[in-house]
1. With a ≥ b ≥ c taken as the square roots of the eigenvalues of the C-alpha gyration tensor of segment 5-49, please select rounded if a/c is under 1.5 and otherwise prolate if a/b is larger than b/c or oblate if it is not?
2. Going by average Cβ density within 10 Å per residue, which order do the peptides 155-163, 194-202 take, highest to lowest?
3. Which ³J(HN,Hα) values in Hz, rounded to whole numbers, follow from the phi angles of segment 54-65 under the Karplus curve 6.51 cos²θ - 1.76 cosθ + 1.60, where θ = phi - 60° and Gly and Pro get x?
4. Between Ala132, Ala251, Ala218, where does the largest GNM mean-square fluctuation fall for the chain, given springs only between Cα atoms within less than 10 Å?
5. If you add up the charges near Ala130, with Lys and Arg at +1 and Asp and Glu at -1, over every other residue whose beta carbon is less than 14 angstrom from its beta carbon, what do you get?
6. Taking springs between alpha-carbon atoms closer than 10 angstrom, which of Leu50, Leu60, Leu263 fluctuates most in the Gaussian network model of the chain?
7. Give the shape of segment 23-71 as rounded, prolate or oblate, defined through the alpha-carbon gyration tensor: a ≥ b ≥ c are the square roots of its eigenvalues, a/c under 1.5 means rounded, and otherwise the shape is prolate if a/b is larger than b/c and oblate if not.
8. Go ahead and set up a Gaussian network model of the chain, Cα springs under 10 Å, then flag whichever of Leu32, Leu260, Leu43 fluctuates most.
Amino acid sequence: MAAGQYFISGKVFDAPALPPALYVVSTPIGNLKDITLRALETLAGADLILCEDTRTSAKLLNAYGIKTPKTALHEHNEVASAQNYVDEIKAGRSICLISDAGTPLISDPGFPLVRVAAEENFSVFAIPGASALLGGLAVSGLPTDSFSFFGFLPPKQQARAKRLEELAAKTETLVFYESPKRIAATLAAVAEVMGGDRKVVVARELTKKFETFYRGAACEMATDFDEMAVKGEIVLMVAGADQQAIADPDAWRGALKELLTELPLRGAVDQIASDFGLKRKQVYQAALEMRDG
Ligand code: SAM
């Protein structure tokens, strides 16, 4: 194999010449076949590939016989080196940016480089493809007309609960990346902060051999995951808060007032927060005001 070529199932192809530019190339999120023909041509035709980790990307590049020189661009050197790479492109080189998996910049390095290139009005081309975020969302069964992506939640319990509280009233589908070590605790926090009935979907190992989807109410999923030894990569999706409840605060306040005549304060608060998808703190505050007249 020569530089400027790639192969698919042993058949060799020549990559067309590339104009000087920065190419942001998506790579697979597990299944090596999830790469586009344009991505292969671009990676094979470029002068240089910037990788998050050259050893990880070598597996993909070797699978398609791509011999383009590669170097590491990770979070420790990306700010310092961004201007240098833009200068190289100006001097006529074509440079690809890839990450370990999926689409660069989506919870992955590359932002400083793309920002410098964009600010200088320089050619930056997307070579789109796989992303765990969109793969998971598309098959979640949750609304996709409006969604927000928040990357990884803070790992520490208090900070994570605070972040979830900030997001509890959002009505669009919420998408997070999560580690298998923390998924059980995160599901418990979602149940606690956003209500046990809140629908959640966990997509594990998308496109890989042990791909699995788990769908259910946050409280049940928290219990299930607490009893599981979870492995693999995870996208967590949480249904948006009930729009009806948000649009009509009188509805939940009325229900709370009634329930306070039947249940102790904590029980009434838990039930209303869960039924209406509200922040527990917000309902607790209202319950205290009602109790104290
Ligand atoms: N840039 C990537 C993308 O476009 O999806 C994601 C990089 S981010 C550092 C890695 C996280 O993405 C993992 O910890 C996991 O939460 C999620 N992820 C990546 N591949 C996945 C897969 N095959 N199945 C489920 N989640 C995945």
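1. Values: a/c = 2.67, a/b = 1.20, b/c = 2.22.
Judged from the Cα gyration tensor, segment 5-49 comes out oblate (a/c at least 1.5, b/c at or above a/b).
2. Details: 155-163: 13.1, 194-202: 22.9.
In descending order of packing, they fall as 194-202, 155-163.
3. 5, 5, 5, 5, 4, 4, 5, 5, 5, 4, 10, x
4. Ala251
5. Numbers: positive: Lys33, Arg38, Lys208; negative: Asp34, Asp100, Asp108, Glu205, Glu211, Glu233.
Neighbourhood net charge equals -3.
6. Ranking Leu50, Leu60, Leu263 by mean-square fluctuation puts Leu263 first.
7. On the way: a/c = 1.44, a/b = 1.14, b/c = 1.27.
The shape class here is rounded.
8. Leu260
Every number in this text was worked out from the coordinates using simple rules, so none of it is lab data. Owing to the predicted nature of the structure, the values given are computational and were not obtained by experimental measurement. Every residue, glycine as well, gets a Cβ built from its backbone with ideal geometry; the counts of neighbours run over all protein chains shown.
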